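Written out below as structure tokens is the structure these notes cover.
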Amino acid sequence: VRRNLRDKPNRMKYVLVTGGVVSGLGKGVTASSIGLLLQACGLRVTSIKIDPYLNTDAGTMSPFEHGEVFVLDDGGEVDLDLGNYERFLDSTLTRDNNLTTGKIYQSVIDKERKGDYLGRTVQVVPHITDAIQEWIERVANVPVDGKEGPPDVCVIELGGTIGDIESMPFIEALGQFFYKVGPGNFCLVHVSLVPVLSVVGEQKTKPTQHSVRGLRSLGLTPNILACRSTKALEDNVKTKLSQFCHVPEENIVTLYDVPNIWHVPLLLRDQKAHEAILKELNLLGKAVEADVTEWTARTKIYDTLQDLVRIAMVGKYTGLTDSYLSVLKALLHASVACHKKLVVDWVAASDLEEITAQETPDVHKAAWDLLKGADGILVPGGFGDRGVQGKMLATKYARENQVPFLGICLGMQLAVVEFARSILGFEDANSTEFEPETPSPCVIFMPEGSTTHMGGTMRLGSRRTYFQVPDCKSAKLYGNAKFVVERHRHRYEVNPDMIQEIENAGLSFVGKDETGRRMEIVELQNHPYFVGVQFHPEFKSRPGKPSALFLGLIAAASGCLEAVLQASGKVSKVSTTRVANGTTTGKVYQNGNVYSNGNGLHH
């Protein structure tokens, strides 16, 4: 029976990605790259991220603790690696694609309370391990590419490092799972570190040997080794790893340092990692030759960009770039589409404030110098009152000096507060998040939220935004659509009772929800590009399909916004021509028309 079950056609295939030696080796990027390559071979792919922490989800975790919280269409607040999966695979995942210890224990305890275990003693084995396997099997069969029927392959990333005590139930469950699905349906890729000691310059294999030994002692044997190192593995090192780790040499690949992560799928392809995986999964007959032509071309463009566009990122968590990972990726996607080399100048919002000028004037001056030297200013979302005054000062500078500006979530709310203070003369204007008793509440607590329970109480997930002004910049960037669907994550929003007064002064709310009571997009009249949005457009940006509003910011900062607007925001192809003075003339090709942003705009 087991043999027949294993040989059953169209059976789900699983690729498990684990990590050893140290954390932060790039398991998420490796898993995403494997998924992209399998997709390029004509297979349908889904992804699962296992996080061994006890939190139910990432919603209440500080960005300093675990990087940004990525929001999905269904409102799931998940690990940032799911953002990598969505960007690389252009898929739409659900909250169930992020499995945590908290979710598993909660589901098992709920069953126990309802009496589903019929009085039996509930234990880690088999009840927790069975729940993990059932979850994986159920989620793996849900399509994430918009097509009917289950995917062909599920790529599972196990967070943490082999040997961590918190991941032991998952290791045990995955060991049982391998036996359950059988050989030919399960491939284990182990990402490990091969350090190079600077003193002798020799690649050391012992950390990887110990890591694999630990993995095998827990009941899992790697089929493929993906070794992180500063340079490609030498042949003798591969031979040594093969002998001690019991992995064929052709199944040992090097993930050496590359200029950007878009190279990683190409690195794996060049070393035929996808063929090794397909062989392990008995899919060589079903797969086609990997077609990564478009990905390769985009990566080459990225590598050769020279003309700079500087964006000042005015935020609260500037010490950890992962806190704004999706925002950075969205800026990158847009800058590559405009053929500009992105430079992000990190500006800590609190450094712009007057109190910093008094305490550390050098820091204050350096922050303002960065802001004033930028081609565009971006104020991302955030929570809490630290740095709020600095964000409003940056917003005011962008508004008064005609600098392209994009405010996201809190950034949009503060743009409204700053406008009310400076233009309407409401000096005490504020958000009730920071001053609950303010006499001029420009931003108020949203009705259906909860002020007591933090987890999962916000306005989360995809919502429609309807354009009120058909010829506004935002509508044109979205291809003259009547409405757009974007992801939200917020509790507070612009006070609808103040809208008329604000609009009369020149700040237009060009996008609203279906009720007309929730403000979604704001634009400043008579400004090159001053846009604020309540939603988070960065979560749906893709390498080949940049977010419309980020594209607008980069285009405005590069001097080619009109060209992009003429093309209705659909930059299907961008080419650059080097001219005599060393500058670049960008040309946006759309429907056979050429829109140029040379010295004089013409179309």
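The values are calculated or read from the model by the stated rules, or taken from the named source; none is laboratory data. Only a predicted model underlies this, so the values are computations on that prediction, with no experimental measurement involved. Cβ coordinates were reconstructed from backbone atoms using ideal geometry, including for glycine residues, and neighbour counts include every protein chain displayed. Heads up: the accessible areas ignore ligands, DNA and RNA and are worked out on the full protein's heavy atoms, side chains in. Shrake-Rupley method; radii C 1.70, N 1.55, O 1.52, S 1.80 Å.
A few points about this structure:
- Taking θ as phi - 60° and the Karplus parameters 6.51, -1.76 and 1.60, the scalar couplings of the stretch 268-276 work out to 5, 5, 4, 9, 6, 5, 5, 5, 5 Hz in sequence order, x denoting glycine and proline.
- Extension gain for the segment residue 366 to residue 322, taken as residue separation times 0.36 nm less the Cα-Cα distance, is 13.5 nm to one decimal.
- Inter-site label distance for residue 514 and residue 562 at 7 Å from Cα along Cβ, in nm: 4.0
- Rounded to the nearest 10 degrees, the inclination of helix 206-217 to the longest alpha-carbon principal axis of the chain is 70 degrees.
- With all projection directions averaged, the alpha carbon convex hull of the stretch 378-533 covers 8.7 nm².
- Computed from Cα atoms, the angle from the helix 410-422 axis to the main principal axis of the chain rounds to 10 degrees.
- Think of the chain as a dipole: +1 on every Lys or Arg Cβ, -1 on every Asp or Glu Cβ, centred on the Cα centre; then among 355, 502, 258, 258 lies furthest on the positive end.
- Taking packing as the residue-averaged number of other Cβ atoms within 10 angstrom, the listed peptides 304-314, 104-114 run from highest to lowest as 304-314, 104-114.
- Our note on the geometry: Cα centres of the stretch 230-300 and the stretch 164-228, 16 Å apart.
- Binning the C-alpha pair distances of the stretch 365-443 at 5 Å intervals from 0 yields a P(r) profile of 3, 16, 27, 25, 17, 9, 3, 0 %, listed from the shortest bin outward.
- C-alpha long axis of helix 101-114 to longest principal axis of the chain, angle in °: 80
- Placing +1 on the Cβ of every Lys and Arg and -1 on the Cβ of every Asp and Glu, with no other charges, gives the chain a dipole of roughly 2060 debye about its Cα centre.
- Pairs beyond 24 Å (Cα-Cα), from 49/103; 240/272; 286/545: 286/545
- Positive-end extreme of charge dipole, the chain - chosen from 305, 34, 346 (charges on Cβ): 34
- Shape box of the stretch 470-573 [Cα atoms, principal axes, largest first, Å]: 43, 29, 22
- Set of aspartates and glutamates near residue 238 by C-alpha distance (under 16 Å), chain-local residues within fewer than 8 positions excluded: 202, 249, 250
- Rolling a 1.4 Å probe over the protein heavy atoms of the chain, with every protein chain left in place, gives an accessible area that is 50 percent carbon and sulfur.
- Taking Cβ atoms as reference points and 14 Å as the exclusive limit, the residues near residue 386 contribute a net charge of -2, counting Lys and Arg as +1 and Asp and Glu as -1.
- Model label points for residue 483 and residue 301, set 7 angstrom from Cα along the Cα-to-Cβ axis, are 3.2 nm apart.
- Convex hull of the stretch 254-318 built on C-alpha atoms - directionally averaged projected area, nm²: 7.3
- Dipole magnitude of the stretch 1-144, debye to nearest 20 (Cβ charges: Lys/Arg +1, Asp/Glu -1, about Cα centre): 880
- D_trans [Stokes-Einstein, Kirkwood Rh over alpha-carbon pairs] for the stretch 104-186, 37 °C, 0.692 mPa s, µm² s⁻¹: 226
- Each part reduced to its alpha carbon centroid, the stretch 519-571 and the stretch 455-496 end up 13 Å apart.
- Entry for volume of the Cα convex hull per residue in Å³ (calculated from the structure that is shown) out of (i) 191; (ii) 178; (iii) 293: (i)
- For residue 22, distant residues with modelled amide H under 5 Å away: 193
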